[in-house]
Amino acid sequence: MKRILIENTYIVTMNEKREVYRNGSILIEGDKIVKIGKVDRDSLGENVEIYDGKGKIILPGFVNTHVHLSQQMGRGIADDVDLLTWLRERVWPYESSFDLEDSYISSLACCGEMIKSGVTTFLESGGQYVEGMVRAVAESGMRGCLSKSVMDEGEGLPKTWQKTKEEELQVQKELYDKYNNTHEGRIKIWFGLRTIFNNSDDLIKETKKLADELNTGIHMHVGEIPGENEYVKKKNGLSTVEHLNSLGALGPNLLAVHTVWLTDREIDLFKLYDVKVSHNPGAAMKVVLGFARIPEMLEKGIPVSIGTDGAPSNNRMDMMREIYLTSLIHKGRTLNPKVLPAEKILEMATINGAKCALLDKEIGSLEVGKKADLIVINEKTLHSLPVHDPIGNIVYAMSSENVESTMCNGKWLMKNRVLTFVDENKLMEKLIEQSEKIQKKAGINIPDRFPVINIF
Ligand SMILES: [Zn+2]
């Protein structure tokens, strides 16, 4: 079995006691961590890959709890527009022009970008061609909880997406049977519910029933805009979360994304039912959803994690930047410098992310017996030196460039900034070619911002 020893390094375990090792070592055998702390190199014999960790910091791999793999080629198609234009004139035409090959290229590029910012696990919110995502995730070596974008009602839906409840449930069940726990267990299949605008009550109820039976998760956008609560109230007399509660849909396997417009009572309901939350500060500000009450939720003990959302709404699938944003915006909102300190932010990006992925027994912290999902951070860059406070420095000063290497399931997915599973230049060429095709096919026109003078 392959063994890797990372030695003489600063290890941030994120274990129960949040212990940190200075000049520690970590031994990986196969896909697992087998020793941490003091490791006698001489006792290991031959055939051990040695990684010199001097001047480096080892962290659990980040968990990005909300991303749209199939929106990766839609980066820049919907900037500075209102939400309805964003959705109906840009993102829906783009996504509904997709085919299987597009899904694969888009997903592979998205995985590459995430790996470069230290992500080893992600939760996919749902596209149409899950098979394309499965292929990309399998090749990339990442861990992913994938779901299909599910819609059985709603205004303005593209024709190809108009499906019945039965069809949507059937497709997801088939995907689960075929792909759940495949590729060394790295791929999980979840159920998707796009939004309350697009999902019937019956679909929500049956999704919850099936997800419980199959012991898997449900990924849903919840409480994004005030209009969402108004819409649900008009229809059912209740707000989104209270309505989901009346349908019996709240539970530990529900991941609620954005959760910006929640009342105190709704936050209490999340706590009561152990609902998981994905906070996406970049997208929430760019698409002007607002500021989610994250410190209040964490205070109550709700597991809140961090997600990037998709490329047309963020537009960076960069966890290091999202970590930075999360650390800042709540201080600004509450005018309290002590709110969401750096150590809390790292919890959100690692162990809380693992809880949201329903995988905290396997990942999210560096402990003996857990999967070897970790990142190596190089602290020696001008923008991050000096390092008086490593945890504070990671959150407030470092960027993705500091992520030197990324390992998932005991395999290097990036080593010394080079992706190991794909030729990055070729992938970029393919991405440009394919995204131009899609833009034409979808008929999306992006106006020039300045007068353009063509020189032939
Ligand atoms: Zn989303």
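The values are calculated or read from the model by the stated rules, or taken from the named source; none is laboratory data. Since we're looking at a predicted model, the values are computed, not measured. A quick note on method: Cβ atoms are made from the backbone with ideal geometry, for glycine too, and the neighbour counts reach across all protein chains shown. Side chains included, ligands, DNA and RNA excluded: accessible areas come from the protein's heavy atoms. Shrake-Rupley method; radii C 1.70, N 1.55, O 1.52, S 1.80 Å.
Structure summary
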quantity: Charged-residue dipole, Cβ positions (Lys, Arg, Asp, Glu), region 62-356 about Cα centre, Debye nearest 20; calculated: 700 debye
quantity: The chain: calculated mean residue ellipticity at 222 nm from DSSP helix runs of at least 4, using -39500 (n - 2.57); calculated: -10500 deg cm²/dmol
quantity: Region 289-365 - percent of accessible surface contributed by carbon and sulfur, probe 1.4 Å; calculated: 54 percent
quantity: Distance violations [Cα-Cα > 20 Å] among Lys35/Lys188; Lys188/Lys286; Lys54/Lys371; Lys165/Lys205; Lys188/Lys209; Lys116/Lys361; calculated: Lys35/Lys188; Lys188/Lys286; Lys54/Lys371; Lys116/Lys361
quantity: Convex hull volume per residue for region 1-54, taking Cα atoms only, in Å³; calculated: 75 Å³
quantity: Evaluated at q = 0.11, 0.15, 0.25 Å⁻¹: base-10 log I(q)/I(0), Debye formula over Cα of region 319-415; calculated: -0.37, -0.67, -1.34
quantity: For region 401-449, Kirkwood radius (reciprocal of mean inverse C-alpha pair distance, Å); calculated: 13.5 Å
quantity: Rg/Rg_globular for the chain, with Rg_globular taken as 2.2 N^0.38 Å and Rg from C-alpha atoms; calculated: 0.96
quantity: Taking region 62-356 and dividing mean pair separation by its residue count, relative contact order in percent (alpha carbons under 8 Å, at least six apart); calculated: 20 percent
quantity: Per-residue ³J(HN,Hα) for region 223-228, Karplus 6.51 cos²θ - 1.76 cosθ + 1.60, θ = phi - 60°, Hz, x for Gly and Pro; calculated: x, 7, 9, x, x, 5
quantity: Inter-part distance where region 75-125 and region 355-415 are each reduced to a Cα centre, Å; calculated: 25 Å
quantity: Relative contact order [Cα under 8 Å, 6+ residues apart], region 320-456, whole percent; calculated: 18 percent
quantity: Computed over region 83-178, the ratio Rg/Rh where both radii use C-alpha atoms and Rh is Kirkwood; calculated: 0.99
quantity: Residues whose placed amide H lies under 5 Å from that of Ile50, excluding near-sequence neighbours; calculated: Leu5
quantity: Glu296 paired with Ser246, simple spin-label distance in nm, labels 7 Å along Cα-to-beta-carbon; calculated: 2.2 nm
quantity: Net charge dipole size for region 134-260 [Lys, Arg +1 and Asp, Glu -1 on Cβ; Debye, nearest 20]; calculated: 240 debye
quantity: Using a Förster distance of 25 Å, the FRET efficiency for Thr381-Lys361 (Cβ separation, nearest 0.05); calculated: 0.10
quantity: Virtual spin-label span in nm between Asn445 and Glu155, 7 Å along Cα→Cβ; calculated: 2.4 nm
quantity: Pairs of alpha carbons in region 227-284 whose separation is greater than 12 Å (percent); calculated: 67 percent
quantity: Long-range HN-HN contacts of Lys148 with modeled amide H, under 5 Å; calculated: Gly192
quantity: At R0 = 51 Å, FRET efficiency that the Cβ-Cβ distance of Tyr396 and Lys38 yields, to 0.05; calculated: 0.95
quantity: Dipole magnitude (debye, nearest 20) for region 161-200, charges at Cβ of Lys, Arg, Asp, Glu; calculated: 140 debye
quantity: For Asn15, residues with placed amide H under 5 Å, excluding near neighbours; calculated: Leu366
quantity: Inter-site label distance for Leu100 and Thr164 at 7 Å from Cα along Cβ, in nm; calculated: 2.5 nm
quantity: Sulfur and carbon atoms: percent of accessible area, region 30-124 [1.4 Å]; calculated: 47 percent
quantity: Mean shadow area of region 1-152, taken as a quarter of the surface of its Cα convex hull (nm²); calculated: 12.4 nm²
quantity: Cα gyration tensor category, rounded, prolate or oblate, for region 184-313 with a/c compared to 1.5; calculated: rounded
quantity: The chain, accessible area per residue, ligands and nucleic acids excluded (1.4 Å, Å²); calculated: 42 Å²
quantity: Theoretical FRET efficiency, 1/(1+(r/R0)^6), r = Cβ-Cβ of Lys209 and Lys235, R0 25 Å, to 0.05; calculated: 0.70
